[in-house]
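Below: the structure, in structure tokens.
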Amino acid sequence: MSTLESVERGTTPGLTTTRSPFIEEAQAHGELYITQPYELYSDDNQETWRRLIARMKPQWEKYANRRFLDGLDILQLDWRAVPRLEDINKFMAPRTGFRAKPVSGYIPAYIFFDCLKNREFPTTITIRDGSSLDYLPEPDIFHDVAGHVPMHTDPAFADALVRFGACAQTAAEIVADIKDEKQRLRRLTSIVQALARFFWFTVEFGLMKGPKPGELKVYGSGLLSSYGEIAHCVESPEVQRYPIQLEWVVNQYFEIDHYQPVLFVVDSFEHLFDLVGELEQWMKDGKLDNVSGGEPAVSEADLASFLHAGVA
Ligand SMILES: [Fe+2]
């Protein structure tokens, strides 16, 4: 629905993705961290949330990892309304110390990873337009809260995220020691690309062995928040699924605008935790300094966030 149609229907843009005045103002003032102005959610926003949840629930029952389903129970969300982050945090913080932290949009990579290290999850508060439930290039509260946050109630997964966040500090420390500016940028670009790929193929699009032989379950939030892809990633013969290999993951390009054709399978969250440790060691050994080029492109802002991380 266009803004004009919203006005004609007597509704407001509320906290709709890409057209929320509240968010625009926060961004204009350079505010990364914000509050969740709950009263601004419009009736349409609330209706969109209910529709997204209603159609996703049966998919979760069928395809989601057990720990995710347990997380949904732990959070005791009222699925009839957009969740309040403070309510979520009341249930989550005692479990793993993680907290959902409302943000105005894009967060530079180092700051994002550093939040994870501190058990904070930068969380989008806007919600997609109800006329396009399926695809959204940017995260929204459905992706962040219904896709990511239930996983953060699991101690093993939470520890893996914290350990991954600590990798960013290691990266910043490594490149701070490189005197030659050109070398510093080249190596940092490669390391950040490797970290982004690892995050993508695990936290965002990871699969895990299920309890039955040959069974696969979903734990990646990009899959858990996609009505179509959660089934496609497990069922479709078009998807190639492989036991995770670090050397492959850090060199595998990905694109965000279509279903993923290649996915990787971990054994458990303990396995994931160990892989993050291996990733960090590889970084220290220089094995992430020359990963293959291609997607994702590393932005100037992401590089700058590492260079200005304040480590020595
Ligand atoms: Fe995500």
field: Pairs, first under 19 Å from THR16 (Cβ atoms) in region 133-155, second assigned to a loop (DSSP other than H, G, I, E, B) and within 11 Å of the ligand (Cβ to nearest atom), C-beta under 7 Å, six or more apart
entry: PRO137/ILE256; PHE142/SER225; HIS143/SER225; ALA146/SER225; GLY147/SER225
Among (1) modelled with pLDDT under 95; (2) not in a helix (DSSP H, G or I) - the single one THR35 does not satisfy: (1)
- request: Report those helices (runs of 4 or more DSSP H) wholly inside region 57-125 carrying at least 3 residues which are over 28 Å from GLU215 (Cβ atoms).
  value: 85-96, 109-117
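Select, from TYR259, TYR253, the only residue that is within 30 Å of LYS57 (Cα to Cα) and either more than 21 Å from the chain's Cα centre (by Cα) or in a loop (DSSP other than H, G, I, E, B) (or both).
On inspection, the qualifying residue turns out to be TYR259.
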- request: Check whether at least one residue in region 85-103 is under 14 Å from the mean Cα position of the chain (by Cα) and at pLDDT below 95, and report yes or no.
  value: no
query: If you go through region 277-286 one residue at a time, do you hit one that is modelled with pLDDT of 95 or more, assigned to a loop (DSSP other than H, G, I, E, B) and exposed (fewer than 13 other Cβ atoms within 10 Å of the Cβ)?
result: yes
query: From the residues in region 168-196 that are under 13 Å from SER292 (Cα atoms) and among the charged types (D, E, K, R), which one is surrounded by the most Cβ atoms within 10 Å (Cβ to Cβ)?
result: ARG187
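The values are calculated or read from the model by the stated rules, or taken from the named source; none is laboratory data. Because the structure is predicted, anything quoted here is derived from the model rather than measured. Neighbour counts run over all protein chains shown; Cβ positions are idealised from the backbone, glycine included.
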